[in-house]
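The values are calculated or read from the model by the stated rules, or taken from the named source; none is laboratory data. Predicted model only: the values in this text are computed from it and were never measured. Here Cβ is always computed from backbone atoms with ideal geometry, including for glycine, and neighbour counts include all displayed protein chains. Side chains included, ligands, DNA and RNA excluded: accessible areas come from the protein's heavy atoms. Shrake-Rupley method; radii C 1.70, N 1.55, O 1.52, S 1.80 Å.
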Amino acid sequence: MEAKYITYQETNAFSSTVLDYIGGKAQLREFYRYTPDFAGFSEAIKNRNFMGERSVLVQTLKNQYASASPSSPVKTNIELLSDEKTFTITTGHQLNIFTGPLYFIYKIVTAINLAKDLKTKFPEYNFVPVYWMATEDHDFEEINHVKVEDKRITWNKKASGATGRLDTKDIIEALTAYKGYLGISKNGLMLSRLVEDAYTNNAKLSDATRELVDALFGEYGLVCVDADEIDLKRQFAEIIYRDITEENSFKHIENTNTKLEELGYKIQVNPREINFFYMVDGLRERIVAEDNVYKVMHSDISFSKEALQLEINEHPERFSPNVVMRPVYQEVILPNLAYIGGGAEVTYWLELKASFDHYKVDYPVLMLRNSALVIDKRSENRMQILGISHKQLFSNTETLKTDWIKSHVNLQLTLDDEERAVRAVFDQIKLNAYKIDKTLSQSADAAKTKALKLISALEQKMLRAEKRKHVTSFSQIESLKEKLFPTGVLQERVLNIAPMFVLYGDDFIDALIRTFKPLDHQFTVLFA
């Protein structure tokens, strides 16, 4: 596959917050600690003060990878985490079935490549790519389906509680449908085997996801972390209690959000007074404070302040952070240098720094994940016939049609010259009128505005009339856009890895590893 690159601005798909962040805009500087470049990483390495217990992290991961081969690059990286000179490079995502949308894959490749780049730049240190599995998330409706081309495959199940603990025994119908799409080609059968092994050999969704991700990325040393573990939560217990009873994250993030809004930025997440859930099998519900009592919503469970502290000390695993406290938990238990997220994640991480500072937890280098558009051979041929470049693809369909008309039709369809002539005529009229009566200049301006509107309207009519002559070409443009931007959004937000793997097999992931450049901050366009 051949890669070309464009700026994120040229995609018209990223928010001003993200563009300003990667562009280093000064007004955002107080909302993060390190710049997303080698200089920032150099500072982060020097300043990282990891307070967690490496021995606990290593033993937990060894338990989670107990069945992995002793010679696995993953096990080598787990051992490296005992070393004070080893850091993690982390991305995270929900446990979408069959890996979900393509950006799940892109996040992981970004982490792998960033770890490699940092090892080259700072050879005296080790960098371990990590996929943080959102095993405690309870939004089953977000993860229970996958789209392969125009087909939606759904895991039909009544589910509650943390998704990582869900039993996979009733996923067979969805698994069969997914395998049916993959077909009987060599590549299809290869992915079918990986998926079937993962979801039939493991009773829990967390373990199934780990096995599938390891099958795809284990050779690169990617470590999957399931933080739903009592020994890891113990290291977070003090912050859990303080944040529930003092509401510190709520106060600091609310203050930050006010500042961001005053600067004109849109807020991604709003904190609650209490940003933790109470979690046991089949239950993950918000904790709320009422009359000095801490209640678990939609249940009969409640605690006094003293009982709450006792429960946290004895059962920290029952307290699950929400979206604004999970990042703090992550940085407490991992010797982490960078967090890699999509546009929405980058935006809400910018809301969190004050909360990190309050708890004296190091804030990592914040990185935007790599994004990509994969252009298949047929689409590339159609682009060549239509004369559409990879940059033009990111324009909306009507703009593409207009640009096509202007570049392929020899008739004069713009009235720019005529517009300039009319402006000059009316400027002269205004001057003459002013000499007669100063108040007439306003009338001249009004007449000029009216004339220019008429010219613009006529130009649009000419363009529409010409467009009606090119139905076939416009139909091809529409088909091309729908193929590469399904439902009008970036391909990576809709499509699963399945069609890519069927077409290209291992070469697809190899191409991503070869072409993604995390520190260049550019969008990747891949020609298959």
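For region 295-312, a residue qualifies if it is under 34 Å from the mean Cα position of the chain (by Cα) and in a strand (DSSP E or B), and the qualifying residues are LYS295, VAL296. With respect to the stated conditions, LYS259 fails to be of a type in the set (D, E, K, R), open to solvent by less than 10 Å² (accessible area, probe 1.4 Å) and at pLDDT 95 or above. State all residues of region 82-100 that are open to solvent by less than 10 Å² (accessible area, probe 1.4 Å) and more than 26 Å from the chain's Cα centre (by Cα); if no residue qualifies, say none. Across region 82-100, there are no qualifying residues. LEU463 falls short of the stated requirement of being part of a helix (DSSP H, G or I) and at pLDDT 85 or above. Selection of region 145-203 for residues being hydroxyl-bearing (Ser, Thr, Tyr), within 27 Å of the chain's Cα centre (by Cα) and assigned to a helix (DSSP H, G or I) yields THR163, TYR178, TYR181, SER192, TYR199. Testing GLY282 on (1) of a type in the set (Gly, Ala, Ser); (2) closer than 20 Å to ILE230 by Cβ; (3) over 35 Å from the mean Cα position of the chain (by Cα), one condition comes back false. Which one is that? Checking GLY282 against (1) of a type in the set (Gly, Ala, Ser); (2) closer than 20 Å to ILE230 by Cβ; (3) over 35 Å from the mean Cα position of the chain (by Cα), the one that fails is (3). For region 20-45, which positions are out of contact with any Ser or Thr (no Cβ under 9 Å at 6 or more places or on another chain), under 18 Å from GLY342 (Cα atoms) and of a type outside the set (Ser, Thr, Tyr)? Matches in region 20-45: ASP20, ILE22, GLY23, PRO36, ASP37.
Residues that are assigned to a helix (DSSP H, G or I), open to solvent by less than 60 Å² (accessible area, probe 1.4 Å) and closer than 23 Å to PRO486 by Cβ within region 1-30 comprise TYR8, THR11, VAL18, listed in sequence order. Across region 244-268, the number of residues qualifying as more than 15 Å from TYR348 (Cα to Cα) and among the acidic types (Asp, Glu) comes to 3. Restricting attention to region 297-318, the residues that are open to solvent by 30 Å² or more (accessible area, probe 1.4 Å), hydrophobic (A, V, I, L, M, F, W, C) and under 30 Å from THR256 (Cα atoms) add up to 1.
Taking each residue of region 389-409 that is closer than 11 Å to LYS481 by Cα and looking for partners that are in a loop (DSSP other than H, G, I, E, B) with beta-carbon atoms closer than 6 Å, six or more apart or interchain, yields PHE394/ASN12. Scanning region 101-132 for residues that are closer than 17 Å to TYR220 by Cβ, part of a helix (DSSP H, G or I) and either open to solvent by 10 Å² or more (accessible area, probe 1.4 Å) or not aliphatic (A, V, I, L, M) (or both) yields a count of 9. The single condition among (1) outside any helix (DSSP H, G or I); (2) among the acidic types (Asp, Glu); (3) surrounded by fewer than 20 Cβ atoms within 10 Å (Cβ to Cβ) that ASP137 does not satisfy is (3). Within region 227-256, the set of residues being of a type in the set (Asp, Glu), in contact (Cβ under 8 Å) with a residue 60 or more places away in the chain and open to solvent by 10 Å² or more (accessible area, probe 1.4 Å) comprises ASP228, GLU229, ASP231. Residues that are farther than 17 Å from PHE527 by Cβ, under 16 Å from the mean Cα position of the chain (by Cα) and not hydrophobic (A, V, I, L, M, F, W, C) within region 489-510 comprise ARG493, ASN496, listed in sequence order.
In region 326-342 there is at least one residue that is touching a strand residue (DSSP E or B) at 6+ places or on another chain (Cβ under 9 Å) and over 21 Å from ASN49 (Cα atoms).
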